[in-house]
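Below you'll find the structure, written out as structure tokens, and then a few comments.
No lab work stands behind these numbers, since they all come straight from the coordinates. In this text the structure is predicted, and so the values were computed from the model without any measurement. Positions of Cβ are generated from backbone atoms using ideal geometry, with glycine treated the same way; all protein chains shown enter the neighbour counts.
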Amino acid sequence: MTTTLTKPDARTAGPRRVRGPRSARAGGQLHAGPVAYVVLALFTVGSLFPLVWTAIAASRDNNRLAQTPPPFWFGSNLAHNLSVAWSDADLGKAFLNTTVVAGVSAGTIVLLSTVAGFAFAKLRFRGRGALMLLVIGTMMVPPQLSIIPLYMMVAKLDWTDQLQAVILPSLVSAFGVFFMRQYLIQALPDEIVEAARVDGASSWRVVWHVVFPTARPAMAVLGMLMFVQAWNDFLWPFLVLTQTGNPTVQVALAGLGRGYTPDQSLIMAGALLGTLPLLLVFALFGKQIVGGIMQGAVKG
Amino acid sequence: MATRHDTAAPPAKEGGAAPARPAGAASDSAALRRRARQSRRWRRDVRLSPYAFVSPFFLLFLAFGLFPLIYTAWASLHTVELTAPTDMHWAGLRNYTRLLDDDFFWNAARNTLTIGIISTVPQLLMAMGLAHILNYRLRASTFYRVVMLAPYATSIAAASLVFALLFGRDYGVINWVLHLVGGGRIDWQGDTWPSQIAVSSIIIWRWTGYNALIYLAAMQAVPQELYESAALDGASRWRQFLHVTLPQLRPTILFTTVVSTIGASQVFGEPLLFDANKGASGGAEHQFQTLGLYLYEQGWVNQHLGRASAIAWMMFLILIVIGIVNHVISRRLRAS
């Protein structure tokens, strides 16, 4: 790798001289050597092995998992374990619940964050700087500091085991506001907002006809990130959805793990079922999600 | 961000856009009045709509963030039972003084610190290395990035259950591999350091790829000219990394450190589910009980919500202290 020192010069003399400020390849001008590919292969195996092994364990039975060496190839018990885990952990209902929670939460966060992010990015108002600092400050507060009063509220309203108890506190995301602000600062030219203003458009019309169309890619990415976060959220749902009967996927999985004589292959089948939907989403939209995370990160 | 006296600018434009007709007909004056009304409404819209746009966020934050934060402090000064959360008895600072004398609290604080260090430091170092490699021109680069993100898509619950099995003492894959290479059998659940390493590995596994993407994004934003001039000066790749990449990434490194520190201070699900039978105690000897888990044990197992509130505020205070130390150190570094 040390011999490649001259390469950047040779390359910049080439046709790629004119670069965008953040084109995908800026900085990555050197071809990777074999060492890089070996390291990447190791990380790939490390990232994927626990997931693949989950599927392997889910395809065996509990006895086989209590033997050495551990299994490294699929058995024949997958369908059986999946169906038992599905009914034992009430996963059908859990999927429905989690989809509702994550959908409402992500949708609301995206709408509120886009509008608030637009105001912070493009509108001038008294106290803007201070309020933005407050938004960033709220990202620093751990959720543990709010769960006790929230739990009291839920108990008082008799909302234990009801989805609104999970949904309501999840509707607000400081990260979302920050993310949309960062995107709109650079994606939405001031002139367009001003032109719409001069034409007499009200602020809501500007949001509807200018901001939403411009922000759509970022809204999609934020929606996916927030959906993942709500789908995987554990602490709060675990506290308020205590009684069995109305769990989210994560609560159902925790319940599966706490059986008195835990059947490991069933637990793995549950873990597999609970993870598959998001893995599917990542397989389909991975490129967009990666792009979104990187985009949100640059100004971080 | 500094501009404030801005409401003055748009109305001027509006005045220009609505030239008054000199004719004195009644219909014209009605139109003028309408114009004036519209203009007023327009001005009010410009002045107030930003607040309307940010208010839903702040209202929700008030209800579900700030109010609970303060109310937790209030509750921490009371004796409150989980079974009767509205029945509060004033206790002064007793919850706090009890905590300071509580071995389990200090044990949990120590565990949170060690698990925080074992999980954050290797995670960010590996993420940096990984980002550096991903920043080369690679075949199938998108594939690697998506693969690195697969653990991030896996929930804490699922990951913890799987890792508990992988780290099994008798039949776990990891001990089997260790046995193959001649190592002894490690009790990953029962012993202090192994269990903390195992719990940390769940966190490392889930977050390394995500942080690598954040570093990668920052690396790609480094101006190419800096590398070119460094190369002209004869700097090796390693020196370029040290003297160009790292300084340019400093804000990002700070950001990820802060986020990871906050995350590490709240670790809850991983130790809870890593030994599911022990539950909230974090192992038979509390050997991997974190503050988040201890809070849960006090509040929901022992049903002392007042004490749990005190733990929550202690966590917050510790975070603030760490934040201040972090700030001082990074300022020192910048100065030197």
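Using a basic spin-label model with each label point 7 Å from the Cα along Cα→Cβ, how many nm lie between A:Ser83 and A:Arg258?
2.9
Mind listing the long-range amide H neighbours of A:His31? Cut-off is under 5 Å, sequence gap 5 or more, other chains count too, H placed in the peptide plane at 1.01 Å from N.
So A:His31 has HN proximity to B:Arg137.
Kindly write out, for the range B:84-97 in residue order, the coupling ³J(HN,Hα) from the Karplus curve 6.51 cos²θ - 1.76 cosθ + 1.60 (θ = phi - 60°), rounded to whole Hz, with x marking Gly and Pro.
My calculation for the range B:84-97 gives 9, x, 8, 9, 9, 10, 4, 10, x, 8, 4, 4, 6, 5 Hz in order.
With n ≥ 4 as the cut-off for DSSP H runs, can you work out [θ] at 222 nm for chain A, using -39500 (n - 2.57) per run divided by the number of residues, rounded to the nearest 500?
-22000 deg cm²/dmol
Restricting to Cα pairs below 8 Å that are 6+ residues apart, what does the relative contact order work out to for chain B? Please round to a whole percent.
24
Counting pairs on different chains as well as pairs 8 or more places apart, how many Lys pairs in the protein assembly as shown have Cα atoms under 28 Å apart?
Summing the qualifying lysine pairs gives 5.
If you plug each phi of the range B:210-223 into the Karplus form 6.51 cos²θ - 1.76 cosθ + 1.60 with θ = phi - 60°, what whole-Hz ³J(HN,Hα) values come out, in order, with x for Gly and Pro?
With the stated coefficients, the range B:210-223 comes to 4, 5, 4, 5, 5, 5, 4, 4, 5, 5, 6, 8, 6, x Hz.
Residues with amide H under 5 Å of B:His78's amide H, sequence separation 5 or more or different chain, H placed in the peptide plane at 1.01 Å from N; which?
Residues meeting the amide H criterion: B:Ala91.
Charges at C-beta only: +1 for Lys and Arg, -1 for Asp and Glu. How large is the resulting dipole of chain A about its Cα centre, in Debye rounded to 20?
1320
When the dipole is taken about the Cα centre of the range B:220-311, and only Lys, Arg (+1) and Asp, Glu (-1) are charged at their Cβ, what size is it in debye, to the nearest 20?
Value, rounded to 20: 120 debye.
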